[in-house]
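Okay, so here's the structure we're looking at.
The values are calculated or read from the model by the stated rules, or taken from the named source; none is laboratory data. Because the structure is a prediction, the values reported are computed rather than measured. Positions of Cβ are backbone-derived with ideal geometry, glycine not excepted, and every protein chain shown enters the neighbour counts. Just so you know, the surface numbers come from the protein's heavy atoms only, side chains and all, with ligands and any DNA or RNA stripped out. Shrake-Rupley method; radii C 1.70, N 1.55, O 1.52, S 1.80 Å.
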Amino acid sequence: MTPGDHLQAVVRALGAPHGRERSIKLRDQSIVANPSLPTVAPDDIDVDASERVLAACRQVEMPQQFLDAVAAHVTPANMMHFGYEEEHDGRAYSKRSLAAGNHPAAAMASRPPVTDPFVLYHAFKWNNADRNEQVMTRYICHPRLERTALLQRVAAVYAGQAERTPWHVLCELVAAASRPVPERELLYLDVTEDGTTRKSFDVNFYRAGLKVASVAPFLERLATHFRLSADVVLDAFAGIQDLRLGHVAGGVDRRGRDFLTIYFGAKAAV
């Protein structure tokens, strides 16, 4: 059984409904289509939710310091994401994210509106083969940003980069998304990691109802930017054009590499 299959089995054993979301990650000379990312609401776990979540984390060999952190955060969390990511150089990472009690939908709908930043997710990521390579990531939500303010935050991530094709693609996608929904309803997250130089962002487009086809006009430009064959990139996106565009994450990772990840096709599953 592969680590990814093992992860899926662990999530199914929780016996709770779970959602799924897929992604494609672009990086210099590398493209990775990751399998679906299971998402579980602890409230949907029948009994002993906190203990069963921790047991699931132990089953996938989460490091002890992360287990301690999950134990502190799991009770107030309203959503938990599981992930497994392979890289072209043989590295493989497991990831667990816990959504804070501040749910984005509640923040958007609140009266008076929430405008102060807050931590939406704590994510724990580790290298399965090298336990010295592990990091905690914070996803800081900046609710109700106007389009200009949102794009300024993305621009700051790319400050100093000679080529900023991903930035230009984000500008086009945000402009397209701002037509069907008010621009303040796009959810923007700053992404930071303890002890690393990572600078990245995540923009959620689900509310806009865009399709993955919205990215299609930019695929050849992105292939050139990431030094990939255009045919390889176009093939990776073939057959998913009609799926719902989820969120787009990008910036510079902890190893100084430019990346762009497109998430899509979120759906409920059991």
Output for region 208-237, where each listed residue is in contact (Cβ under 8 Å) with a residue 24 or more places away in the chain and in a loop (DSSP other than H, G, I, E, B) | G209, L210, F226, R227, L228
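Within region 243-257, track down each residue that is in a strand (DSSP E or B), in contact with a strand residue (DSSP E or B) (Cβ under 6 Å, 6 or more places away or on another chain) and open to solvent by 20 Å² or more (accessible area, probe 1.4 Å). Walk me through it before giving the result.
Of the residues in region 243-257, the ones in a strand (DSSP E or B) are 244-252.
If we keep only those that are in contact with a strand residue (DSSP E or B) (Cβ under 6 Å, 6 or more places away or on another chain) too, we end up with 245-252.
Matches in region 243-257: H247, V252.
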When you look at I240, is it assigned to a loop (DSSP other than H, G, I, E, B), out of contact with any His (no Cβ under 7 Å at 6 or more places or on another chain) and surrounded by 15 or more Cβ atoms within 10 Å (Cβ to Cβ), yes or no?
-> yes
What is the one condition in (1) open to solvent by 30 Å² or more (accessible area, probe 1.4 Å); (2) touching an Asp or Glu at 6+ places or on another chain (Cβ under 6 Å); (3) of a type outside the set (A, V, I, L, M, F, W, C) that S50 does not satisfy?
-> (2)
So which residues in region 181-202 are of a type outside the set (D, E, K, R) and more than 15 Å from E146 (Cα to Cα)?
-> V191, T192, G195, T196, T197, S200, F201
For region 35-47, name all the residues that are in contact with an Asp or Glu (Cβ under 9 Å, 6 or more places away or on another chain) and among the hydrophobic types (A, V, I, L, M, F, W, C).
-> L37
Take F66 and decide whether it is hydrophobic (A, V, I, L, M, F, W, C) and either assigned to a strand (DSSP E or B) or open to solvent by 40 Å² or more (accessible area, probe 1.4 Å) (or both).
-> no
Restricting attention to region 126-158, the residues that are in contact with an Asp or Glu (Cβ under 9 Å, 6 or more places away or on another chain), open to solvent by less than 30 Å² (accessible area, probe 1.4 Å) and either without any contact (Cβ under 8 Å) to a residue 40 or more places away in the chain or among the acidic types (D, E) (or both) number exactly 1
Residue, least open to solvent (accessible area, probe 1.4 Å), within region 4-34, restricted to residues that are over 16 Å from M62 (Cβ atoms), in contact with an Asp or Glu (Cβ under 9 Å, 6 or more places away or on another chain) and in a loop (DSSP other than H, G, I, E, B) | A16
